[in-house]
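Structure first, then comments.
The values are calculated or read from the model by the stated rules, or taken from the named source; none is laboratory data. All values derive from a computational prediction rather than experimental measurement. All Cβ positions, even for glycine, are placed from backbone atoms using ideal geometry, and neighbour counts span all protein chains on display. SASA here: full protein model, heavy atoms, side chains in, ligands and nucleic acids out. Shrake-Rupley method; radii C 1.70, N 1.55, O 1.52, S 1.80 Å.
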Amino acid sequence: MFNSLLASFALAALSLSAQNKYEIDVTKVQTDVMRGHLNLGGRNLKGDTIGVNSFYLERNGKPFIPVIGEFHFSRYPHQYWDEELKKLKAGGISVVATYVFWNMHEFKEGKFDWTGDLNVRRFTELCAQNGLDVLMRVGPFDHGEIRNGGLPDWLYGRPIDVRSNDPEYLFYVNRLYQEIGKQLSGLFFKDGGPIIGVQIENEYQHSAAPWGFTYQDAARENTVARRDINITQIGVGVNKQGNEFSDLGRDHMKTLKQLAIKSGLIAPIYTATGWGFASIIEKGSIPVMAGYAFPFWEESIKPSPFYLFKNIHQKPDYMPVSYDVNLYPSLAAELGTGMAVTYSRRPRVPGESFLPMMVRTIGSGSNGLGFYMYHGGTTPSVGNYFFSEGFGLNNKSYDYQSPVGEFGNLSSGYYSLKLINYFLNSFGTDLAPLHTVLPSTNDDIKADNTTTLRYAVRTDGEKGFVFMHNYQDHVATSDMKGVQIDVATQSGVISFPTSGTFTLKAGSSAILPFNLNIDGVDIRMATVQPYCKFTNKGKRYNVFVSTDGIAPEIVCKGKVKVRGSNIKSTVQSGNTVLSIPNGKICEMQVNGVSFLILPYNYALNAYLVGKEDKHLIISNAVVLENEQNISLVSAGKESIEMSVYPAVNELSAANATSIKVKPLEKSISQWQINLPKIETGIQLIQTDDRHFTLKDPQVDWTKLNDIFITFDYRGDRGICMMNGELQTDNFYTSKSWTIGLKRYSASLKESEMYFYFIPMANDAPYLHYLDKDVVPDFGDKKEFLEIKTPTVVAEYKINIELK
């Protein structure tokens, strides 16, 4: 009996092992690319070029993959734009996408406002100063959860068919475009400026917003041409019925582009919504894609398909589409790194959901990432006239649960996204031409299948990258143990790992290279993920990331010379296998080329800074790059740790003491920087069970970068008022509510701020959206409100000069 039981266990183990050994043949991949068929691309005054072929973008003839972060300038105070753009740059963003909301700039007919928070020119100039390109989304319809989707109120009720070729509508659109053209004159790529792309319209013949004049209980009136009412939906989705007016739609989009060009909005790249059968400018725009795993506009809560690998170039998300997929590269514009919530629908978007979606999207063949939103904000208002969309959304807050929040505060997703953003910035040239190959097991994986490895390979048949992750929205995953992947290339089979197996931890992801040449070192395979590469004083440096559960190793072709501590080097089948200590920072030289291996948790806090001579900074503070130095931003921590690679001998820290400590590696210098603790002086008084009053008579803002107040509460919503006007609002989504006070510093000198909390009702329509552990036991009570003691945290900013 006992022997029989052992045999059963052995068989089960063998079966599990067999299930977790995966094989994929990439030798027959098709890598055809069409060129010269698109009316896109351009050259600037210096001779720099941007081109578009059927599979990827090119800059000066070299492939590149843009990393696009959405940040709406009109939703953030202009005096802080520069610091926030630096956060985008530090996060690995290379292109800033932003909307021009027509109804804000032409609030009153014929009177345009481009001042203050609406100064699009100043915002674009700051992007350029921070080394960021710009994708300008000029409408006329934007959506963006804005009133009327951005169309002005004064268009409503007139005999005008909006979003069509109605001559009167086009008259007003042309006037808008002309004004935008004047504001942005000289800032386009052709002039040496940062604007490399212009998006025309948004979700045309796919989606619309309600007019702000819609009445309760009345049928919704949407901002859409009358002919398109029946083919237009709310939110992003699938259109299975097609579009009987597609010819008219394409003509309208073509007309808008012509108006844009005549207005001086000339860029090498034009984009248009491609999902859900939306109309594009045929051969004159790139159809951009989306993916939202936690949408508020869908009635049901269910696992999404956006964590399943596919050939996304041939089968875009939200298909069918209106265009020939063979003509255009796959470029994402709206991947949901967050989500807005409505009163009755409150999806909570965990930060750990961001990175696996991007690994899946790039591994599936996309050659551009676009994060919506990357930086949240606050929707402006005129008094208590709100520009927010009349859809049950927040009246003010547009935090969006994004990597950078409403007040510039960072979420966990900001740090993890850096792993793929930095990878694409450094290795996009290698990756972009590579096509996706899917394993035979892929077709059997559905959203609720968490036992089969989710992976894909991008390759040309010989070199490439293995993409994998272990995450699914709305479904729990567990560690996937005993995994081995064999990749059959044109030069033979490559095993990950070389021997044994690895564990892909629940929620984790990895991008592993094979047959990759890095600065003359031929890497046969590696179980560490490329992070970034850079130059300092003429020397090349390469940084990789190790993942918990996957033993770090690099296999180099042939015999190589290796220097480094704790590196085990063996020769197997004529190749050199380098076994690297797990969980430790490790630097080595391979044939004189530098490689730094960072454990995952260190990589989360690693930032690349510098222009020509670059450094990698690892710190528990956020590292922002200035003209001649760097800034460290630390919330609630007066003691900052900072490591510099390659090492520097000295640094100067204004108004702080710095102590050099023993480094983990000789090539890394390590410092501890101590700041004087500043008491905020904030007075936050709880006046009753629902109200708090904030007073700020004594704060010395010259010593602080910001002050954050966090309310850990359970209730229906929180409201922030000052001077009789709503400042921001929060719908409870299972998370605490954080407010930054810097933007209110001048007003708080003379006025009090009020916080008001409303209890949660026992029959509230959103209870099933909340995490189970926060839903109260109402008992016989009809409502519930709990507010724990609020926390007040000082944020410091210190300038550092490396010497």
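Quick notes on this one:
- Each residue of region 168-182 was assigned a 3J(HN,Hα) from its phi angle through the Karplus expression (A = 6.51, B = -1.76, C = 1.60, θ = phi - 60°), giving 5, 4, 5, 4, 6, 5, 4, 5, 4, 4, 4, 5, 4, x, 5 Hz with x at Gly and Pro.
- Interchain or long-range residues, amide H under 5 Å from Gly405's placed H: Gly376, Leu410, Ser411
- Loop trypsin sites (Lys or Arg not before Pro), region 605-661, which have at most 12 other Cβ atoms in a 10 Å radius of their Cβ (DSSP): Lys611
- In region 555-601, trypsin sites (Lys or Arg not before Pro) in a DSSP loop with at most 14 other beta-carbon atoms within 10 Å: Lys559, Lys561
- Here region 651-691 exposes an accessible surface that is 52 percent carbon and sulfur, computed with a 1.4 Å probe and the other protein chains kept in place.
- Mean Cα-pair separation over length for the chain, i.e. relative contact order, pairs under 8 Å, 6 or more apart, %: 11 percent
- Put simply, the amide H of Thr271, placed in the peptide plane, has neighbours under 5 Å in Val198, Gln199, Ile200, Ile286, leaving out anything fewer than 5 places away on its chain.
- Helical runs assigned H by DSSP (4 residues or longer) give the chain a calculated mean residue ellipticity at 222 nm of -4500 deg cm²/dmol, each run adding -39500 (n - 2.57) before division by the residue total.
- Residue by residue, region 259-265 carries 3J(HN,Hα) couplings of 5, 4, 5, 5, 8, x, 8 Hz when phi is fed to the Karplus relation 6.51 cos²θ - 1.76 cosθ + 1.60 (θ = phi - 60°); x denotes Gly or Pro.
- Distance from the Cα centroid of region 264-282 to that of region 382-404 is 27 Å (rounded to whole angstrom).
- Relative contact order %, region 603-726, counting alpha carbon pairs below 8 Å whose residues are six or more apart: 14 percent
- Relative contact order (%) - region 535-599, alpha-carbon pairs under 8 angstrom, separation at least six: 39 percent
- In loop segments of region 488-547 as defined by DSSP, the trypsin sites (Lys or Arg not before Pro) with at most 16 further C-beta atoms inside 10 Å of their C-beta are Lys537.
- Per-residue accessible area (protein heavy atoms, 1.4 Å probe) orders His252, His313, His474 as His474, His313, His252, starting from the largest.
- Separation between Cα centres of region 28-74 and region 560-637, rounded to whole Å: 30 Å
- Two-site label geometry, Lys62 and Asn230: point separation in nm, points 7 Å out along Cα→Cβ: 5.3 nm
- Pairs beyond 19 Å (Cα-Cα), from Lys310/Lys505; Lys86/Lys797; Lys89/Lys797; Lys28/Lys559; Lys695/Lys749: Lys310/Lys505; Lys28/Lys559
- Rounded to 5, percent antiparallel among DSSP beta bridges of the chain: 75 percent
- Considering only GluC sites (Glu not before Pro) in DSSP loops that have at most 16 other Cβ atoms within 10 Å, the longest stretch of the chain without any of them is 300-461.
- Taking all protein chains as shown and a probe of 1.4 angstrom, Arg59 keeps an accessible surface of around 80 Å².
- The distance linking region 160-192 with region 108-155 is 12 Å (Cα centroid to Cα centroid, whole angstrom).
- Among the listed pairs Lys62/Lys481; Lys537/Lys584; Lys557/Lys666, those beyond 32 Å (Cα-Cα): Lys62/Lys481
- Averaged per residue, the chain has 39 square angstrom of accessible surface, using a 1.4 angstrom probe with ligands and nucleic acids left out.
- Reachable aspartates and glutamates, given that their alpha-carbon falls under 16 Å from the alpha-carbon of Lys662 and they are not under 8 places away in the same chain: Glu587, Glu641, Glu650
- At 0.692 mPa s and 37 °C, Stokes D of the chain from Kirkwood alpha-carbon radius, µm² per second: 118 µm²/s
- Here's the list of lysines a cross-link from Lys111 could span, going by alpha-carbon distance under 18 Å and ignoring same-chain residues fewer than 8 apart: Lys182.
- Nonlocal amide H pairs with Glu23, under 5 Å, H built at 1.01 Å: Asp486
- Under the Karplus curve 6.51 cos²θ - 1.76 cosθ + 1.60, θ = phi - 60°, whole-Hz ³J(HN,Hα) for region 656-668, x wherever Gly or Pro sits: 7, 9, 10, 10, 7, 10, 5, x, 6, 9, 4, 7, 10
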